[in-house]
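What follows draws every value from the coordinates through simple rules; no lab data is involved. From a predicted model like this one, the values you see are computed outputs, not experimental measurements. FYI the Cβ positions are ideal-geometry reconstructions off the backbone, even for glycines, and counts take in every protein chain you see.
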């Protein structure tokens with residue numbers, strides 16, 4: 001309890017950061033009431049992508065192990081909401097989905113995270129496709145159906161509030177993890193895994209636990225967002241879009257900081273929507289070109305560019321002060 005208090009409120013930078021997050025959440029909660037009817041839905045999707053990008057960066061951004069399993073965890077949450085949502089409150093379904101995603105990721109991690117390099121990435125890439133085929137086979141062979149109807153929430157604003165609260169929880173949890181010994185161990189693994197192991201870090205279990213923790217919010221947000229779909233099937237739930245978008249968003253914004261994936265998710269999602277409206281036939285081509293340019297010219301992402309500009313301005317200001325003196 002003392003650690004959490006000190007991490008979130010113990011120093012002046014921590015107070016400013018925590019207060020800023022609280023103010024941002026309150027503003028986001030109020031904004032939809034003063035905008036058009038589409039705003040809550042757009043913001044709900046924005047918060048869902050922010051949650052997935054931050055969760056992905058929590059593990060992959062620190063360790064360097066690139067996971068493409070986000071779509072699998074997201075699909076688990078969607079299906080659990082479809083099966084339980086009519087009889088179980090949303091908050092409880094979110095908790096069950098988070099636990100199921102955590103358990104699935106933990107089991108996968110135990111098997112695959114003893115290996116290094118591209119093997120883990122290849123395995124996670126196939127996981128969503130594997131679950132897609134298994135669920136499709138089970139539904140057609142035993143249930144004689146394909147997909148399920150999902151009970152909708154009472155409004156888009158309710159959908160947005162669930163997504164916003166989950167995003168806030170993920171942000172504060174990430175701050176706590178970053179300031180803990182566990183977070184330091186993850187950074188050490190990313191910098192030099194052999195050295196981390198030599199100084200006493202149980203690298204395998206640290207990676208497994210971090211992978212499982214990063215999967216839990218994705219399962220929960222999958223349960224929330226499935227209520228807007230109305231109907232889900234294996235192709236929709238375990239999609240390649242959910243596998244790759246969080247990765248691209250985190251890279252787009254910058255994985256080196258907490259807020260890089262958030263910036264990436266907001267800009268990425270907003271830009272994609274704008275291009276779909278303005279360039280309905282060629283939007284993916286234009287978007288692909290933009291992504292290539294960002295990766296080539298901004299290796300640390302948009303947030304890295306902002307930090308670089310601010311650092312230059314700070315050095316310029318210090319030079320002016322010294323010159324005046």
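The listed peptides 73-82, 288-297, ordered by packing as a protection proxy, come out as 73-82, 288-297 (highest mean of other Cβ atoms within 10 Å first).
Helix 260-278 and the longest principal axis of the Cα set of the chain meet at an angle near 60°.
If the chain linking residue 66 and residue 256 were pulled fully straight, counting 0.36 nm for each residue of separation and taking away their Cα-Cα distance, it would gain 67.0 nm. Take the Cα of residue 83, step 7 Å toward its Cβ, do the same at residue 290, and the gap between the two points is 3.8 nm. Listed options for Cα extents along the principal axes in Å are (i) 88, 47, 36; (ii) 80, 54, 45; (iii) 54, 43, 39. The value calculated from this structure is the one marked (ii). Placing a pseudo-label 7 Å from each Cα along the Cα-to-Cβ vector at residue 228 and residue 297 gives an inter-label distance of 3.1 nm. Once the chain from residue 271 to residue 92 is taken as fully extended at 0.36 nm per residue, the excess over their C-alpha distance is 61.1 nm.
Based on the alpha-carbon gyration tensor of the range 127-242, what equivalent-ellipsoid semi-axes (square roots of 5 times the eigenvalues) come out, in whole Å, largest first?
Details: eigenvalues 252, 92, 14 Å².
Whole-Å semi-axes of the equivalent ellipsoid: 36, 21, 8.
Only DSSP H runs of four or more residues enter the estimate; each adds -39500 (n - 2.57), and after division by the residues of the chain the mean residue ellipticity at 222 nm equals -25500 deg cm²/dmol. Of the peptides 97-110, 211-224, 249-262, the order by per-residue mean of other Cβ atoms within 10 Å, starting with the highest, comes out as 211-224, 249-262, 97-110. Axis of helix 156-178 versus longest Cα principal axis of the chain: the two differ by about 50°, to the nearest ten degrees.
Taking the Cα atoms only, what angle lies between the long axis of helix 283-297 and the longest principal axis of the chain, rounded to 10 degrees? Tilt relative to the chain: about 30 degrees.
Considering only alpha-carbon pairs that sit under 8 angstrom and 6 or more positions apart, the relative contact order computed for the chain is 29 percent.
Using the per-residue mean of other Cβ atoms lying within 10 Å as a proxy for protection, in what order, highest first, do the peptides 54-67, 115-128 fall?
Ranked by mean Cβ neighbours within 10 Å, highest first: 54-67, 115-128.
Subtracting the Cα-Cα distance of residue 182 and residue 169 from their residue separation scaled by 0.36 nm leaves 2.9 nm. FRET efficiency for the pair residue 278 and residue 191, taken as 1/(1 + (r/R0)^6) with r the Cβ-Cβ distance and R0 = 41 Å, rounds to 0.45.
Between residue 154 and residue 205, what's the calculated FRET efficiency when r is the beta-carbon distance and R0 is 56 Å? Round to 0.05.
Numbers: r = 43 Å, r/R0 = 0.76.
Efficiency, from the Cβ-Cβ distance: 0.85.
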